[in-house]
Each structure stands twice: as structure tokens, then as C-alpha cells.
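Only one structure is covered here, and it is reproduced in the block below.
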Amino acid sequence: MSIETHQIRHRQSSSDMVVSRCVNVSDGLGNERIIVHSTTMCGVSLGFHCLWFRQRSNSVIEFKTTAVVSNPSQDICKNDRELDEHPWMTLLSSRSETSVCGLFGHYTTPKDLWLNGDCYNLSMDCDRLDNFKLVAFRCQTGEAYEVTHYTCHGTWREDATMFIYTKEASMQNIATNQTNQKQPECFMLREDSDGNIFLADLGSKQCDRDFDFTENVSIDFTEALFVF
């Protein structure tokens, strides 16, 4: 997506590029919802719809859209029920900054969840709160087979769920604050009533709200005996 003074260029899911020109900012909704008229890149009219934007950090925004209609209405941006039916699309600025990840300390997979032989450690250094390290290892032997570093670019909460928007990074990237060409990845985190923290890599640059931890628990961390 690229944003200019009066128009926005973006893709609707997997479709071709769309040009949306601002018609009006919906009143009383915090300037987050904008009525736009959209055309194809060739100028073919698609119609009017509402774009809802949410800023998640200095570098991360999300947006969603209503269905396209032929005639504009001030109420098009006030239909919360329709907006709820459309997914959030997450975007990272081309000039992204890092931000605090929102996790502190060391976490590891508890023994009672050694189900398939794969375990995980997650650690965050107090000197660099904008990145974390994820280590995959064999539960029984402790042998590490994958070590991945992530830099964080946005963290936000929705009720009991926290989202962390990241990019995979090398140690050189982290040490020198260099940018990299990796695709963003979204992590979802939730804490249960026993204090266990469930963390899932959603495997996409989109933060899917429909992910179900009860059916798809990929990683479980519980706070270790030592915390920075």
C-alpha cells in the first residue's frame, strides 16, 4: 500500500492493484474510517466503500474494508457488523522502526507438554527489548536444531490476546540496526488462568484473528525459574 495526499494504492486480497480516492472522513469515529471511491489502475470504476485504519505502532498499521457499493452513504463506515466480517490486513512501513516486543525474561516448554519431541526456548535480553531469540530443540536430549532471531516492529493487545509483528533478523542485522528483506511474521500470544503463555507463529504477515489455540497449539512457554 502507498498513501499519498488524496489517494491510496492497495491490493484487495489477491486481486490487482486498486486506486482509492478519499471522499470523506466519517464523523465521530476518531478519523480512522474513510469513505473512498476505488478504480482499477486503468480507471475502471469499482464503486464506493469504507476503509478502516488502526495504527498499531510507529511502523505498523492495519486496515479493513467494507464491500463495494454503487452509491456512497455516510452510514457505510458505521456498519460495525459488516466490518467485523472482513479481516484485518497488516502492513509494515518501508521505513520501519523497531519497538519493544512486550515480552520479558526466559520461557521454555514445560515437561507436561513434551508431546511430539519438539520443545522451544524463548529469551529476551534486557539490553535489547526490541528483539527476541527462539530456539527449537529436542525435548529429551536438549539438542538445538534451529535458532531464529526476530526484531519487533509493533505490539498491541486485543482483550486477552497480544499480537507481536516481527521480522526475522540475523545477529549482524541486530548489532548494526540494519534492515533486512525478510517478510514480516505475526505472532499471537495468550496467557491462561494457570500462568502458561501460549505463543503461535501465524506463519504469515497477516495477524489472523481466527486462529484457535485449543486446536492449533504450536508452541507453549511457561516462565522459567529465572527472569531478567
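Computed from the coordinates by the stated procedures, all read-outs in this text should not be read as laboratory data. If you're wondering where the values come from, they're calculated on a predicted model, not measured in any experiment. With ideal geometry, Cβ positions are generated from the backbone for all residues, glycine too; neighbour counts draw on all protein chains shown.
Kindly put L91, L83 in sequence by how many other C-beta atoms sit within 10 Å of each C-beta, fewest to most.
Final ranking by Cβ density, sparse to dense: L83, L91.
Treat each spin label as a single point 7 Å out from the Cα along the C-beta direction, and report the D212 to D112 distance in nm.
According to this spin-label approximation, the distance is 2.4 nm.
Can you work out the PRE-style zone for N24? Point 7 Å along Cα to Cβ, and I want the residues of the range 31-71 with backbone N under 11 Å.
What the label zone holds, given the 11 Å backbone N cut-off, is 35-36.
Computed FRET efficiency, Cβ-Cβ of Y145 and M41, R0 45 Å: what is it to the nearest 0.05?
0.50
At a threshold of 8 angstrom on Cα-Cα distance, excluding pairs fewer than six apart, so keeping six or more, what relative contact order does the chain reach in percent? Please report the intermediate quantities before stating the final value.
Numbers: 503 pairs, mean separation 30.2, N = 228.
Result for the chain is 13 percent.
Please list, in chain and number order, the residues 5+ apart from S26 or on another chain whose amide H is under 5 Å from its amide H, with Hs placed from the backbone.
Residues meeting the criterion, in which the H sits 1.01 Å from N, are R33, I34, I35.
Using R₀ = 41 Å, calculate the FRET efficiency as 1/(1 + (r/R₀)^6) where r is the Cβ-Cβ separation of V69 and R157; round to 0.05. Before the final figure, lay out the partial values.
Values: r = 33 Å, r/R0 = 0.80.
It comes out at approximately 0.80.
Under the Kirkwood approximation for Rh and a Cα-based Rg, what ratio Rg/Rh is obtained for the range 40-103?
Rg/Rh: 1.09.
Using alpha-carbon pairs under 8 Å, 6+ residues apart, how would you state the relative contact order of the range 93-206 in percent?
18 percent
Could you pull out the GluC sites (Glu not before Pro) across the range 32-84 that fall in loop regions by DSSP (anything but H, G, I, E, B) with no more than 16 other Cβ atoms inside 10 Å? It would help to have the intermediate numbers written out before the result.
Numbers: sites: E32, E62, E82; in loops: E32.
In loop regions of the range 32-84 (DSSP not H, G, I, E or B), the sparsely surrounded GluC sites (Glu not before Pro) are E32.
To the nearest µm²/s, what D does Stokes-Einstein give for the chain at 10 °C and 1.306 mPa s, using the Kirkwood radius over alpha carbon pairs as Rh?
Stokes-Einstein gives a translational diffusion coefficient of 81 µm²/s.
If amide hydrogens are placed 1.01 Å from N in the peptide plane, which non-local residues have theirs closer than 5 Å to the one on R56?
The answer is I61, E62.
For the chain, what does the helix formula give at 222 nm: sum of -39500 (n - 2.57) over DSSP H segments with n ≥ 4, over the residue count, nearest 500 deg cm²/dmol? Intermediate values should be presented prior to the final figure.
Details: 2 runs with 11 residues, N = 228.
That calculation yields -1000 deg cm²/dmol at 222 nm.
Considering just Cα atoms, how many Å³ per residue does the convex hull of the range 83-141 enclose?
Residue-normalised Cα hull volume stands at 174 Å³.
Which value, in debye to the nearest 20, describes the size of the charge dipole of the chain about its Cα centre when Lys and Arg Cβ atoms bear +1, Asp and Glu Cβ atoms bear -1, and nothing else is charged?
940 debye
Have a look at Y150, F213, S94 and report the one farthest towards the positive end of the charge dipole of the chain, computed about the Cα centre with Cβ charges (Lys/Arg +1, Asp/Glu -1).
The residue sitting farthest along the positive end of the dipole is S94.
Provide the FRET efficiency to the nearest 0.05 for the E82-D125 pair, computing r from the beta carbons and using R0 = 45 Å.
According to the calculation, E is roughly 0.55.
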